[in-house]
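Enquirer: Handing you a structure now.
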Amino acid sequence: MNRSRPTHGGNLTWAARQAGCASDAILDFSASINPLGPPASALTALQASLPSITAYPDPDCTALRLAIARTHQLAPAWILPGNGAAELLTWASRDLAACAQTRYLVPGFADYQRALSAFGAASQPDSLKLPDCLLPDFTRGDRPPQQCGLLLNNPHNPTGRLWSAAQLQPLLAQFALVVVDEAFMDFLPPEQQESLIAQITTRQNLVILRSLTKFYSLPGLRLGYAIAHPDRLKRWQGWRDPWSVNSLATAAGIAALRDTDFQAQTWHWLPTARQQLMAGLQALPGLTPLAGAANFLLVATEYSSSALQAILLKKHQILIRDCLSFPELGDRYFRVAVRTETENQRLLSGLRAILAD
């Protein structure tokens, strides 16, 4: 395998080199993207907005802000679209760096440490015990919580664990700043979501990050948004480059947010497909998938996950996410996206053939 292993999922260029095939021949289970998308409405909006690329986009993202605000029943001033949730994580980390220390969960998304390190933030990891995934006691540490920031995601990546809003709300009173990455929350129907958005207007120390690329299968457009107090978002707007969100991403995002049929289709598809994939993985020797609420599964393996990844690529042109970029998981876990029933069966057949050998 190439020594320059990707930190994130979805690197099809790298995978194609390992498999010795074209990148479009790879069936990608490494990136947790909705396989039902992009919505036709978003593609139509992209086509219709092509003439707009001859002009600069609206630097204030007025129309997109309004569409997101309507979705969450907030005023547009509480919304800031960005060049993917990753850009907004950068500015959140600049604010977190002003805290005496930032606590974050491990295993966790690798970009958290990258973003915190970019601003020299003092940080302390808190271990999440698997498979129960109980929240740690944040009162234990070098600094009291009231001097600290907290960065976590819900549902959690890479375990898929969903914590209730009731479990997280007390943290808002304990920490100086709480940043909650809800990038996978929209994969749950509204009545099952455990978002903290309802707390946003009464808690100036709360920031929520959301993605529009995973649920709507638009990662190449780079689109996400932050929900926070308007004063904080004005400060972020002053820090960043102008025109962070391009015209095509804006048009696709507005159309996707309005597409209630696509949303309902996804909420109907995911629970059955996830259960099908989980049952199939449980039936394979040496594999133990963890139950999760998102559109991916973390799988404990008695075999080397990097070796499984290599064989799946070379023999079956299937890419799974090894967990070497999560040091706490290492080579004994891998993560797979939930895809369509046919694609899930192809993955299970490939794993079955490998394990039989």
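Enquirer: Among the residues in region 66-73, are any of a type in the set (Lys, Arg) and either touching an Asp or Glu at 6+ places or on another chain (Cβ under 7 Å) or at pLDDT below 95 (or both)?
Expert: Checked against the condition, which is being of a type in the set (Lys, Arg) and either touching an Asp or Glu at 6+ places or on another chain (Cβ under 7 Å) or at pLDDT below 95 (or both), region 66-73 yields no hits at all.
Enquirer: Tell me which of these Ser30 doesn't satisfy, since it passes every other one: (1) closer than 23 Å to Val338 by Cα; (2) over 19 Å from the mean Cα position of the chain (by Cα).
Expert: Here Ser30 clears every test but (2).
Enquirer: In addition: Kindly evaluate Phe334 against the criterion of being more than 21 Å from Met185 (Cβ to Cβ), within 24 Å of the chain's Cα centre (by Cα) and among the hydrophobic types (A, V, I, L, M, F, W, C).
Expert: Numbers: more than 21 Å from Met185 (Cβ to Cβ): yes; within 24 Å of the chain's Cα centre (by Cα): yes; among the hydrophobic types (A, V, I, L, M, F, W, C): yes.
It is true that Phe334 is more than 21 Å from Met185 (Cβ to Cβ), within 24 Å of the chain's Cα centre (by Cα) and among the hydrophobic types (A, V, I, L, M, F, W, C).
Enquirer: Pairs please, first residue from region 311-339 and closer than 16 Å to Pro6 by Cβ and not assigned by TED's automatic domain parsing to the domain that holds Pro289, second anywhere and polar (S, T, N, Q) and assigned to a strand (DSSP E or B), Cβ atoms under 8 Å, 6+ apart in sequence or on different chains.
Expert: Short answer, once both residue conditions are applied: none.
Enquirer: I'm trying to understand the selection: among the residues of region 158-180, which are within 17 Å of Trp78 (Cβ to Cβ), in contact with a Lys or Arg (Cβ under 9 Å, 6 or more places away or on another chain) and outside any helix (DSSP H, G or I)? Explain how you work it out, then say what you get.
Expert: To start, the set of residues in region 158-180 that are within 17 Å of Trp78 (Cβ to Cβ) comprises 172, 177-180.
Retained after the next criterion (residues that are in contact with a Lys or Arg (Cβ under 9 Å, 6 or more places away or on another chain)): 172, 178.
Val178 - this is the single residue of region 158-180 that is within 17 Å of Trp78 (Cβ to Cβ), in contact with a Lys or Arg (Cβ under 9 Å, 6 or more places away or on another chain) and outside any helix (DSSP H, G or I).
Enquirer: I'd like the full set of residues that are among the basic types (Lys, Arg), surrounded by fewer than 17 Cβ atoms within 10 Å (Cβ to Cβ) and closer than 23 Å to Lys129 by Cα, limited to region 300-344.
Expert: Within region 300-344, the subset among the basic types (Lys, Arg) is 314-315, 321, 332, 335, 339.
Now drop any that are not surrounded by fewer than 17 Cβ atoms within 10 Å (Cβ to Cβ), which leaves 314-315, 332.
The answer is Arg332, and nothing else.
Enquirer: Just give me the residues in region 168-194 being without any contact (Cβ under 8 Å) to a residue 40 or more places away in the chain and touching an Asp or Glu at 6+ places or on another chain (Cβ under 8 Å), in sequence order.
Expert: Result: Leu168, Met185, Gln193.
Enquirer: Then there's this: Filter region 141-158 down to residues that are surrounded by fewer than 24 Cβ atoms within 10 Å (Cβ to Cβ) and more than 20 Å from the chain's Cα centre (by Cα) and give me whichever is nearest to Lys129 (Cα to Cα).
Expert: Out of the qualifying residues, it is Gly141.
Enquirer: Okay, next question. I'd like to check which helices (runs of 4 or more DSSP H) are fully inside region 260-357 and have at least 2 residues that are of a type in the set (Val, Ile, Thr). Don't jump to the end; show me each part of the working.
Expert: On the way: elements: 260-282, 305-316, 341-356.
Answer list for region 260-357: 260-282, 341-356.
Enquirer: Which condition number in (1) farther than 22 Å from Ala226 by Cα; (2) among the charged types (D, E, K, R); (3) free of Cβ contacts under 8 Å to residues at least 24 places away in the same chain is the one that Arg143 fails?
Expert: (3)
Enquirer: Do we have any residue at all in region 235-242 that's more than 26 Å from Asp126 (Cα to Cα), aromatic (Phe, Trp, Tyr) and outside the structural domain of His72 (by TED's automatic domain parsing)?
Expert: Looking only at region 235-242, we keep the residues that are more than 26 Å from Asp126 (Cα to Cα), and these are 235-242.
After this cut, where a residue has to be aromatic (Phe, Trp, Tyr) as well, the list is 236, 239.
Still in the running and outside the structural domain of His72 (by TED's automatic domain parsing): none.
So far as region 235-242 goes, no, none of its residues is more than 26 Å from Asp126 (Cα to Cα), aromatic (Phe, Trp, Tyr) and outside the structural domain of His72 (by TED's automatic domain parsing).
Enquirer: Which members of region 98-110 meet the condition of being part of a loop (DSSP other than H, G, I, E, B) and within 16 Å of the chain's Cα centre (by Cα)?
Expert: Step one: of region 98-110, the residues part of a loop (DSSP other than H, G, I, E, B) are 98-100, 107-109.
Listed by number, the residues that qualify are Pro107, Gly108, Phe109.
Enquirer: While we're on this one: Within region 271-295, track down each residue that is surrounded by 15 or more Cβ atoms within 10 Å (Cβ to Cβ) and closer than 15 Å to Gln345 by Cα.
Expert: Ala273, Arg274, Gln276, Leu277, Met278, Gly280, Leu281, Leu284
Enquirer: Looking only at region 100-118, which residues are acidic (Asp, Glu) and surrounded by 22 or more Cβ atoms within 10 Å (Cβ to Cβ)?
Expert: Answer for region 100-118, where residues must be acidic (Asp, Glu) and surrounded by 22 or more Cβ atoms within 10 Å (Cβ to Cβ): there is none.
Enquirer: Run down Ser211, Ser127, Ser164 and say which single residue is touching a residue at least 40 places away in the same chain (Cβ under 8 Å), of a type in the set (S, T, N, Q) and loosely packed, with under 15 Cβ neighbours inside 10 Å. Write out each step before concluding.
Expert: Working: Ser211 fails: loosely packed, with under 15 Cβ neighbours inside 10 Å; Ser164 fails: touching a residue at least 40 places away in the same chain (Cβ under 8 Å).
Answer to the selection: Ser127.
Enquirer: May I ask you to verify whether Trp236 is surrounded by fewer than 16 Cβ atoms within 10 Å (Cβ to Cβ), of a type in the set (Phe, Trp, Tyr) and not in a strand (DSSP E or B)?
Expert: No, not satisfied.
The values are calculated or read from the model by the stated rules, or taken from the named source; none is laboratory data. Nothing here was measured: the structure is a model prediction, and the numbers come from that model. Cβ atoms come from the backbone with ideal geometry, glycine included; neighbour counts cover every protein chain shown.
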